[in-house]
Amino acid sequence: MANLIGLSNELLLLISAFVHPADILNFSLTCKHFQACFEKTLQRHYVNLTSLRVSHDRNPMTMLKLLRMVYQDRNTAWYLRVFELWGIRLDWHRWKSWEFNHSNPYIINEDEDEEKARNWPEPFVDYSNLSADCFMAEELKFYRSIMLEQLRLTEGECETWMGRLEDGCDEPLKGILIALSEKLERIAFVAYDTWQTDDFSPKHPLEFLCTSLERLHAMDQPVWPAGFQSLRTINVCQTTDLRHPHEAYYANADDIRPLFLLPNIQTLNFSLLGFHNDIDAIEVEQMPAKISSVEKISFYVCALSYSELVNLIGTARALKALAFSFTPSRLADLEQFLAKNYADSFEDFILQSDEAREEARRGPRFDPKVLTSFQKLRHIDICCADLWVLPDSDEAAAEEDAQQASESHPTNGLFFNLQGVLPQSLESVRFLHGPDGLEEVDDRVRLIEGLKSLVESRADGSHLALREICVYDALPADGWDHEFVALQAFAGLVQVCEAYKIDLHSQYSLAETLDTFVGDGVELELLLKRYAAEHRRLHESRERIDEPLETEPDVDDAL
């Protein structure tokens, strides 16, 4: 009996035409003979993967063409990894390119050129003359079978969506393609204009997808489509430089809840969520707790009540990270909720924007002792005001409070000892200056000395994971020249951080620059902006709420 290695190359290549691309790749790794045999086949698969890995729908025919390719050869779905969806088209007359007026140089400039503006940043295409006749009968039958058999829509829902499809709505086409894309990793639903033109639907683009998720989840033993199983990240209402930030659909919490049902979802990033809610009038729909595989949830400019926020977050079985571009309501309660439900999994709490950090400085306090509850916490942003033991109005009671605090958590005056409140797993910590800042020299010295003691505790085997401390915000550059005591203390902190190889982010070097600065106010402002930008880049990878769009045209190349 012939074995595989004894077969001719011609026969092996003939067999490979019926084999999944992933299997050919794995098979070619078994020996040099097979690798040489399938070299051209692998090159062809690489070219297909490169060209099809990331797809977008700015050209109205793209998603239909991809779906037809998958219909003719299901292995094509293996190449599809990322979808960036820039809108939905409700009917055939909208099957044309979307015009981008924001930042369009041919509209902004006085010498407006209508033709160039229309074809910027990509050539304008128009397929609005199409109709339902463009679909073959077998094709429509295929779409219908996917809706009923794989997405488990009801007969009535299937008829509704098939009717919309034949009227030119492209939302079900994209939903079916998502379900069939077996290696799909990420979907970005890009923000689009819902109120200035009639080119877009006034609703969010998630209805077909979320309805399918609800129907599948309702089954006793759901068989999830391959694309739903492979999906790891979804961005809802992701911003783009090609559209004004206010040009966006505004989904509510109820609209996006089904996304938490995806069987292997890891990251959900939400923007402009909840602004249509009437919190007093709408009863919050509750989802069961601990049913979702999601590990990181980000909220960018959202208007959610505390109950909505907690219900969405509480669906996670093992939450690892939360990111906000704003300070969530009832921050102290939220942190207690996290400590109660995710103490054994939570790793990172992010306040992403300058506005959020500014709100945190003024915002509600939380008890720093709650931090010790998190066994795996790696990163945290802390407002310095929350590290103070608050005194009562009565001076004697204040002293008693401080004494009680020192028994469980040693204090420096009325300041919590950082070794007592920061968990051993912590890798990086960023301090925000309190509601009134650390204006007094004594306050600055207390924070600096507390950090120095924290770093020196590594000699005793404490906080060995710590590798980064950021006091850039907590200790601003202005005023250092009058604070010799604080400067001395900070020099000591710099030394111990260098000794233990801990990155220290500060404005110390900026303070030295300001002492010798010669220039006008404009030059000073540019200097401060440059330092701030350089510092932001240090935190950019952690702070970024969503990944950049891969299919966003390069504006400079388009000119």
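The values are calculated or read from the model by the stated rules, or taken from the named source; none is laboratory data. It should be emphasised that the depicted structure is a prediction, and the values quoted were computed from it without experimental measurement. Positions of Cβ are backbone-derived with ideal geometry, glycine not excepted, and every protein chain shown enters the neighbour counts. Only protein heavy atoms, including side chains, enter the accessible area calculation; ligands, DNA and RNA are left aside. Shrake-Rupley method; radii C 1.70, N 1.55, O 1.52, S 1.80 Å.
Couple of notes before you dig in:
- Karplus 3J(HN,Hα) series, Hz, for the stretch 85-96 with 6.51 cos²θ - 1.76 cosθ + 1.60 (x for Gly, Pro): 9, 8, x, 10, 10, 7, 8, 5, 5, 9, 7, 8
- Residues whose amide H comes within less than 5 Å of that of Ser292, counting only those at least five positions distant or on another chain, are Ala316, Arg317 (H built at 1.01 Å from N in the peptide plane).
- Using only alpha-carbon positions in the stretch 113-214, the gyration tensor eigenvalues give semi-axes of 28, 17, 14 Å once each is multiplied by 5 and square-rooted (largest first).
- Around Glu182: net Lys/Arg minus Asp/Glu count, Cβ-Cβ under 15 Å: +3
- Over all directions, the projected convex hull of the C-alpha atoms in the stretch 1-138 averages 12.7 nm² in area.
- Taking amide hydrogens as placed 1.01 Å from N in the peptide plane, the amide H of Ile382 sits under 5 Å from those of Arg430, Phe431, Leu432, each at least 5 positions away in sequence or on another chain.
- Efficiency of FRET between Ala533 and Glu214 - r from beta-carbon atoms, R0 51 angstrom, step 0.05: 0.70
- Computed over neighbours whose Cβ is under 9 Å from that of Leu67, the net charge equals +2, Lys and Arg +1, Asp and Glu -1.
- With the whole protein complex present, Ile5 retains an accessible surface near 100 Å², based on a 1.4 Å probe.
- Karplus (6.51, -1.76, 1.60) ³J(HN,Hα), θ = phi - 60°, over the stretch 60-65, in Hz, Gly and Pro reported as x: x, 8, 4, 5, 5, 5
- In this structure, the pairs whose alpha-carbon distance is over 19 Å, taken from Lys376/Lys501; Lys183/Lys290; Lys96/Lys174, are Lys376/Lys501; Lys183/Lys290.
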